[in-house]
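First up is the structure itself, then whatever we jot down about it.
The values are calculated or read from the model by the stated rules, or taken from the named source; none is laboratory data. Please read these numbers as outputs of a predicted model, since none were measured by experiment. Glycine also receives a Cβ, built like all others from the backbone with ideal geometry; neighbour counts cover every protein chain displayed. Keep in mind that these areas ignore ligands, DNA and RNA; they rest on the heavy atoms of the full protein, side chains included. Shrake-Rupley method; radii C 1.70, N 1.55, O 1.52, S 1.80 Å.
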Amino acid sequence: MKIEECRSDFPITRDLIYLDSAATSLTPKPVVEAMAEYDLRYRSNVGRGVHRLAAVATHRYRDAHDAIKSFIGGDGGTLTVTRNTTEAIGMVAAGLAWQKGDRVVTTLLEHHSNLLPWLRLRERGVAVDIVRPEADGHLDLADLEAAVRDETRLVAVTHASNVLGTILPVRDIAGICRDRGARLLIDGAQSAPHIPVDVAAIRCDYFCFSGHKMLGPTGTGGLWMREPDLEPLFVGGGSIESATAEGYTLAPGEERYEAGTPPIAGTIGLGRAAAYLREIGMETVRRHEERLAARLIDGLAALDRVTVAGQDAGADRIGVVSFTVEGMHPHEVAQVLDEASAVLVRSGHHCCQPLMEHLDLPNGTVRASTYIYTTDEEVETMIATVEELSRRAI
Ligand SMILES: Cc1ncc(COP(=O)(O)O)c(C=O)c1O
């Protein structure tokens with residue numbers, strides 16, 4: 001499928017200019033249809049019954065599971081479908097056997113979901129070292145390397161910033177972690193939807209992502225583990241090999257993380273979303289968004305009273321562009337964009353308050369984020385509307 005041909009699968013784009021995909025992407029018809037097909041044609045529980053519907057549902061569910069795993073290059077590891085990235089990161093924070101004196105290294109670029117779980121571990125005697133990026137969002141690897149010590153158990157970094165769009169050199173970070181014997185968790189909420197991801201090549205230990213940001217249904221995400229070395233959060237039906245009145249043996253594979261009925265329709269929808277993105281090709285997705293982001297940055301940066309946050313258009317980035325308009329609160333800008341041109345953007349702190357403080361942006365930013373259905377015309381409308389409102393500002 002060609003990227004230019006996908007737009008008709010997203011009916012919402014007929015009436016609105018949706019530039020808020022970093023929060024939640026739109027969902028194409030084939031994903032909705034795949035979920036409806038499950039509910040209407042073969043709805044049943046999975047991994048339990050032997051009747052015909054159970055067999056079809058189990059087969060389709062496992063296929064979807066494999067498609068999601070394969071999409072991030074994770075065939076050799078273990079994937080569990082979660083509700084979102086936040087839950088996936090929380091499972092790592094709760095599932096590792098922490099000892100007093102352990103350390104976690106993270107950065108100030110992180111979304112609250114990849115910061116707060118580590119701060120909470122302080123209550124258990126775990127120290128947290130936070131590496132600060134430069135003013136343009138660039139993270140100096142030497143700073144990160146210096147922060148990783150013998151006691152560092154885990155390094156937890158974002159793959160791509162949801163505020164500045166910066167892509168982090170995760171393969172280099174994985175090398176640092178290997179040298180120091182630390183594990184690496186990658187928050188892939190903004191990378192899995194937008195750039196090719198190969199967790200085996202990166203050589204990370206945990207990769208967390210959100211299905212609802214990559215064309216899948218809300219309430220889906222994933223935690224990929226190189227080794228199934230986390231203590232499961234829950235135990236119960238579906239997650240054991242055997243049980244007696246005295247105790248139980250957990251299932252050896254992915255099932256150990258799937259206590260209770262999993263999100264079957266959601267997983268089938270997310271599997272279809274992964275297949276849809278694969279049909280377009282993630283390299284194509286990346287190039288499309290790089291081009292749109294470069295135009296957004298150039299167009300906005302050229303306007304008086306508009307300041308673009310972060311690195312310039314040439315940097316390694318996803319289609320996320322943050323900016324401020326002098327004399328206007330980001331929420332006001334977002335409201336005017338909606339009212340004047342049906343342009344929908346996010347405004348505020350983007351769940352990154354410590355980063356905003358670091359960048360001296362107390363009210364946050366306006367954030368435009370693109371995806372496969374975003375067109376050049378939409379980007380031009382957005383720039384023209386900001387130009388108009390920036391003339392009226394002050
Ligand atoms: C980088 C990053 N990490 C984590 C999250 C949290 O994702 P979710 O709300 O799906 O758990 C987001 C969501 O915006 C994000 O952008």
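Results, tabulated for the structure shown:
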| read-out | value |
| --- | --- |
| The chain: C-alpha gyration tensor shape, a/c 1.5 cut-off, then a/b vs b/c | oblate |
| Rounded Å value of the spacing that divides the Cα centres of segment 287-308 and segment 129-183 | 27 |
| Gain upon complete extension [Asp179, Thr24; 0.36 nm per residue less C-alpha separation] | 52.2 nm |
| Under the Karplus curve 6.51 cos²θ - 1.76 cosθ + 1.60, θ = phi - 60°, whole-Hz ³J(HN,Hα) for segment 242-248, x wherever Gly or Pro sits | 7, 9, 10, 5, 8, x, 8 |
| Given charges at Cβ of Lys, Arg, Asp, Glu: segment 257-394 dipole, positive-most of Val320, Ser341, Asn363 | Val320 |
| Dipole magnitude of segment 353-394 about its Cα centre (Cβ charges: Lys, Arg +1; Asp, Glu -1), debye to nearest 20 | 200 |
| Contour excess over end-to-end distance, with Cα ends at Glu241 and Glu123 and 0.36 nm allotted per residue | 39.1 nm |
| Within the accessible area of segment 150-252 (1.4 Å probe), percent carbon and sulfur | 47 |
| Net dipole in debye of segment 48-207 [+1 Lys, Arg Cβ; -1 Asp, Glu Cβ; about Cα centre; nearest 20] | 840 |
| Reachable lysines from Lys2, criterion Cα separation under 19 angstrom, eight or more residues apart if same chain | Lys29 |
| Interchain or long-range residues, amide H under 5 Å from Ala309's placed H | Ser322, Phe323, Thr324 |
| Set of segment 282-313 residues, backbone N closer than 11 Å to the point 7 Å along the Cα-Cβ line of His138 | 311-312 |
| Folded to 0 to 90 degrees: helix 376-392 orientation relative to the chain principal axis, Cα | 50 |
| Cα lying deepest toward the dipole's positive end in the chain, options Ser21, Thr78, Val126, charges on Cβ | Thr78 |
| Phi-based couplings in Hz for segment 114-130 (Karplus 6.51, -1.76, 1.60; Gly and Pro marked x) | 10, 10, 4, x, 7, 4, 5, 5, 4, 4, 9, x, 9, 8, 10, 10, 10 |
| Burial order of peptide ranges 213-221, 335-343, 151-159 (average beta-carbon count within 10 Å, highest first) | 213-221, 151-159, 335-343 |
| Rounded tilt (10° steps) of 29-41 against the dominant C-alpha axis of the chain | 30 |
| Segment 1-75: GluC sites (Glu not before Pro) in DSSP coil with no more than 13 other Cβ atoms inside 10 Å | none |
| Accessible area expressed per residue, the chain, with surrounding protein chains retained (probe 1.4 Å, Å²) | 42 |
| MRE, 222 nm, helices only [DSSP H, n ≥ 4, -39500 (n - 2.57), over the chain, to nearest 500] | -11000 deg cm²/dmol |
| Protection-proxy order for peptides 258-271, 88-101, each taking the mean of Cβ atoms within 10 Å per residue, highest first | 258-271, 88-101 |
| Debye, to nearest 20: dipole size of the chain, +1 on Lys, Arg Cβ, -1 on Asp, Glu Cβ | 1040 |
